[in-house]
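Visitor: I have a structure I would like to understand better, so I am pasting it below and will then ask my questions one at a time.
The values are calculated or read from the model by the stated rules, or taken from the named source; none is laboratory data. Everything quoted here is computed from the prediction, not taken from an experiment. Every residue, glycine as well, gets a Cβ built from its backbone with ideal geometry; the counts of neighbours run over all protein chains shown.
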Amino acid sequence: MEWLKMAYDATGEDLHEAIHNQVGYYGIMAPRSLNHRYITEDIPMSLVPIAALRQRYGVSVRGIDSIIRLACIIHRTDYWRRGRTLDKLGIDQMSVSEFTHYVNEGGEMA
């Protein structure tokens, strides 16, 4: 809510109301089908690597795992297999501290 206030001067009683009070979102419609880039691109290129990081470092991301599973079912596609792997990203052998440094430094290694 603080970010919405600072960035868009949008306020409300709760997050839901504040988002709806941000006029920049007016008129934006959801896709009319389930065959769009929010699934075909964002699942394998963003959520699958996040889930892989979860597995590697032991963090719970059950919601993300569920979204990936649903996308696999909807499109009859194995997004786990098609998605970016930690190996493909070149971060498969990093320790938690190395990965944290990598993220904080914008992808640069020490």
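Visitor: If LEU70 meets every condition in (1) exposed (fewer than 15 other Cβ atoms within 10 Å of the Cβ); (2) of a type in the set (A, V, I, L, M, F, W, C); (3) in contact with a Phe, Trp or Tyr (Cβ under 7 Å, 6 or more places away or on another chain) apart from one, which number is that one?
Guide: So LEU70 meets the others, but not (3).
Visitor: Taking the range 1-53 on its own, how many of its residues are β-branched (Val, Ile, Thr) and under 27 Å from GLY83 (Cβ atoms)?
Guide: 6
Visitor: Which members of the range 59-110 meet the condition of being in a helix (DSSP H, G or I), among the hydrophobic types (A, V, I, L, M, F, W, C) and farther than 24 Å from THR40 by Cα?
Guide: Within the range 59-110, VAL96, PHE99, VAL103 meet the criteria.
Visitor: Turning to a different aspect of this structure: Residue under question is VAL61, and the condition is that it be under 25 Å from TYR102 (Cα atoms), modelled with pLDDT of 95 or more and hydrophobic (A, V, I, L, M, F, W, C); does it hold?
Guide: When the stated conditions are applied, VAL61 does not pass them.
Visitor: Further question: I'm trying to understand the selection: among the residues of the range 28-52, which are surrounded by 14 or more Cβ atoms within 10 Å (Cβ to Cβ) and either in contact with a helix residue (DSSP H, G or I) (Cβ under 7 Å, 6 or more places away or on another chain) or assigned to a loop (DSSP other than H, G, I, E, B) (or both)?
Guide: ILE39, ILE43, PRO44, LEU47, VAL48, PRO49, ILE50, ALA51, ALA52 - these are the residues of the range 28-52 that are surrounded by 14 or more Cβ atoms within 10 Å (Cβ to Cβ) and either in contact with a helix residue (DSSP H, G or I) (Cβ under 7 Å, 6 or more places away or on another chain) or assigned to a loop (DSSP other than H, G, I, E, B) (or both).
Visitor: Restricting attention to the range 79-110, and to residues there that are acidic (Asp, Glu) and loosely packed, with under 11 Cβ neighbours inside 10 Å, which single residue is nearest to ALA52 (Cα to Cα)?
Guide: Among residues in the range 79-110 that are acidic (Asp, Glu) and loosely packed, with under 11 Cβ neighbours inside 10 Å, the one nearest to ALA52 (Cα to Cα) is ASP87.
Visitor: Answer yes if at least one residue in the range 19-27 is closer than 25 Å to VAL103 by Cα, surrounded by 10 or more Cβ atoms within 10 Å (Cβ to Cβ) and among the hydroxyl-bearing types (Ser, Thr, Tyr), and no otherwise.
Guide: no
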